[in-house]
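The values are calculated or read from the model by the stated rules, or taken from the named source; none is laboratory data. The structure displayed is predicted, hence computed values, not measured ones. Note that each Cβ is placed from the backbone with ideal geometry, even for glycine, and that neighbours are counted across all protein chains shown. Side chains are part of the model used for accessible areas, which takes the heavy atoms of the whole protein and leaves out ligands, DNA and RNA. Shrake-Rupley method; radii C 1.70, N 1.55, O 1.52, S 1.80 Å.
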Amino acid sequence: MRVLLIKLKNFGDTLLLTPVICGIKKRYPQSHVSVVVRSGTEAMLAGCSELDEVHIVSALEEARSQGVLSELTSICKIRAKQYDWVFELTDSNHGRWLAWLSGAQKRITTSHGRPIPWYFRKCFTAYSAQNWHLMHRVEKDYRLVAEFIDLETEIPPLTFHVPAGLDPLVGDGRAYAIIHPVSRWKRKGWPVERWIETGRALISCGLFLIVSAGPDPGEIEIVKRITDELGPSSISIQGSRSWSELARLIKHSSLFVGLDTAAMHLAAACQCPVVALFGPSIEHHWHPWKSPYEIVSSGGLLHRNYPAFLYDAEKRSMLDIQTEEVISACRRMLACSA
């Protein structure tokens with residue numbers, strides 16, 4: 001059985017694919033499982049040994065600027081594999097085109113949520129009608145595939161390969177925590193002053209502090225401001241670590257504190273205790289999957305009926321999250337892990 005999963009989203013979304021990949025391989029060890037992901041995000045699949053092949057395509061805006069040649073080359077490679085099943089998990093027109101052009105015998109997507117344009121309706125051989133709005137994104141993908149390919153009920157955790165050994169930064173074995181205070185989504189940002197106060201509280205618990213960020217200059221500037229205020233008990237890695245190297249740091253840390261980002265999902269894959277700050281995003285869609293965590297949100301529990309809870313999430317502000325709430329959550333998680 002040859003199965004293709006299409007997920008043309010961001011780094012965290014790509015990592016959230018690993019449970020369904022592992023679930024297919026566990027149930028059908030002889031199957032061939034491939035994925036299609038956006039260029040650059042394939043690093044999040046490092047160490048997922050159950051995955052047989054990765055197809056990489058440009059983001060839609062990049063494909064438009066580069067012309068159709070690279071896209072057609074990818075499509076030809078996909079068609080040559082003669083897949084039995086293709087599951088479009090992106091819920092986007094780009095993913096739907098790829099699913100249709102894949103040439104797979106059975107092409108599946110979801111019909112729940114946003115209406116599918118009429119010109120795509122005959123591109124698929126079947127649709128899932130499950131209400132995924134009340135599911136975690138891992139569960140959404142897994143249940144969609146399991147509806148058509150029999151899988152075990154228990155959904156696996158996230159999978160990511162962590163390099164052996166300690167990072168030279170903490171090679172002396174000292175206890176440390178990691179703060180990831182940045183996101184490419186500006187609306188998810190939390191004031192720098194509150195991160196500094198949280199960092200001081202963690203240092204007072206006897207922890208060295210590592211502040212991480214991506215390579216974006218704006219993110220690097222934020223973490224520099226934080227570490228300048230925190231002094232010698234902290235250090236910024238300034239986007240200098242690859243995903244694998246960041247995973248090694250996270251794996252051996254006492255606590256990860258951060259926003260709803262790919263780094264948070266990476267911490268979950270490493271089974272590191274997590275304190276996650278959620279504002280205008282939906283925690284029951286994106287919370288750390290099958291790992292120890294506590295969420296601090298800006299508006300309490302969301303309504304469990306769609307689309308009201310989504311509307312409420314969009315209205316929530318990160319400014320409503322108080323520093324004392326985050327510090328208390330950190331202390332609880334440290335006590336539990338100890």
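Can you list the helices (runs of 4 or more DSSP H) found entirely within the stretch 53-103 that contain at least 1 residues being modelled with pLDDT of 85 or more and over 20 Å from L15 (Cα atoms)?
Fully inside the stretch 53-103 and qualifying: 69-80, 93-101.
Could you grab me the full set of residues in the stretch 10-46 that are polar (S, T, N, Q) and either open to solvent by less than 10 Å² (accessible area, probe 1.4 Å) or under 18 Å from the mean Cα position of the chain (by Cα) (or both)? Step through it out loud before you land on a result.
Filtering the stretch 10-46 down to residues polar (S, T, N, Q) leaves 10, 14, 18, 30-31, 34, 39, 41.
Listed by number, the residues that qualify are N10, T14, T18, S31, S34, S39, T41.
Yes or no: the stretch 270-284 includes at least one residue that is part of a helix (DSSP H, G or I) and at pLDDT below 95.
yes
Can you tell me how many residues within the stretch 115-159 are in a loop (DSSP other than H, G, I, E, B), in contact with a strand residue (DSSP E or B) (Cβ under 9 Å, 6 or more places away or on another chain) and under 12 Å from P19 (Cβ atoms)?
Here the count works out to 0.
Exactly one condition in (1) at pLDDT below 95; (2) farther than 29 Å from S244 by Cα is false for C48; which is it?
(2)
Count, please, the residues in the stretch 228-245 that happen to be open to solvent by 20 Å² or more (accessible area, probe 1.4 Å) and part of a loop (DSSP other than H, G, I, E, B).
Matching residues across the stretch 228-245 total 5.
Can you find, within the stretch 251-269, the residue that is surrounded by the fewest Cβ atoms within 10 Å (Cβ to Cβ) among those that are assigned to a loop (DSSP other than H, G, I, E, B) and in contact with a Ser or Thr (Cβ under 9 Å, 6 or more places away or on another chain)?
This residue is S254.
Starting from residues that are hydrophobic (A, V, I, L, M, F, W, C) and farther than 27 Å from P280 by Cβ, keep the ones in the stretch 197-209 and report whichever is most open to solvent (accessible area, probe 1.4 Å).
Narrowing the stretch 197-209 to residues hydrophobic (A, V, I, L, M, F, W, C): 201-203, 205, 207-209.
Now drop any that are not farther than 27 Å from P280 by Cβ, which leaves 203, 205, 207-208.
Details: I203: 42, C205: 66, L207: 17, F208: 25 Å².
This residue is C205.
List the pairs whose first member sits in the stretch 21-47 and is closer than 24 Å to D150 by Cβ, whose second member is open to solvent by 10 Å² or more (accessible area, probe 1.4 Å) and of a type in the set (G, A, S), and whose Cβ atoms are under 8 Å apart, counting only residues at least 6 apart or on separate chains?
Close Cβ pairs (under 8 Å, with a partner that is open to solvent by 10 Å² or more (accessible area, probe 1.4 Å) and of a type in the set (G, A, S)) amount to G23/A146; V36/S74.
I need every pair where a residue in the stretch 142-157 that is without any contact (Cβ under 8 Å) to a residue 40 or more places away in the chain has its Cβ under 6 Å from the Cβ of a residue that is assigned to a loop (DSSP other than H, G, I, E, B), sequence separation at least 6 or different chains.
Within 6 Å, the pairs are R143/Q130.
Identify, from the list R194, R248, R225, the residue that is among the basic types (K, R), under 28 Å from G40 (Cα atoms) and either touching a helix residue (DSSP H, G or I) at 6+ places or on another chain (Cβ under 7 Å) or open to solvent by less than 60 Å² (accessible area, probe 1.4 Å) (or both). Working first, answer last.
Details: R194 fails: under 28 Å from G40 (Cα atoms); R225 fails: under 28 Å from G40 (Cα atoms).
Step by step, each of R194, R248, R225 is checked, and only R248 is among the basic types (K, R), under 28 Å from G40 (Cα atoms) and either touching a helix residue (DSSP H, G or I) at 6+ places or on another chain (Cβ under 7 Å) or open to solvent by less than 60 Å² (accessible area, probe 1.4 Å) (or both).
Does W118 fit the bill of being touching a residue at least 24 places away in the same chain (Cβ under 8 Å), farther than 21 Å from F11 by Cβ and of a type outside the set (A, V, I, L, M)?
Details: touching a residue at least 24 places away in the same chain (Cβ under 8 Å): no; farther than 21 Å from F11 by Cβ: yes; of a type outside the set (A, V, I, L, M): yes.
Judged against the criteria, W118 is not a match.
Any residue at all in the stretch 194-214 that is closer than 29 Å to E50 by Cα and either among the polar types (S, T, N, Q) or within 17 Å of the chain's Cα centre (by Cα) (or both)?
Yes, some residue in the stretch 194-214 is closer than 29 Å to E50 by Cα and either among the polar types (S, T, N, Q) or within 17 Å of the chain's Cα centre (by Cα) (or both).
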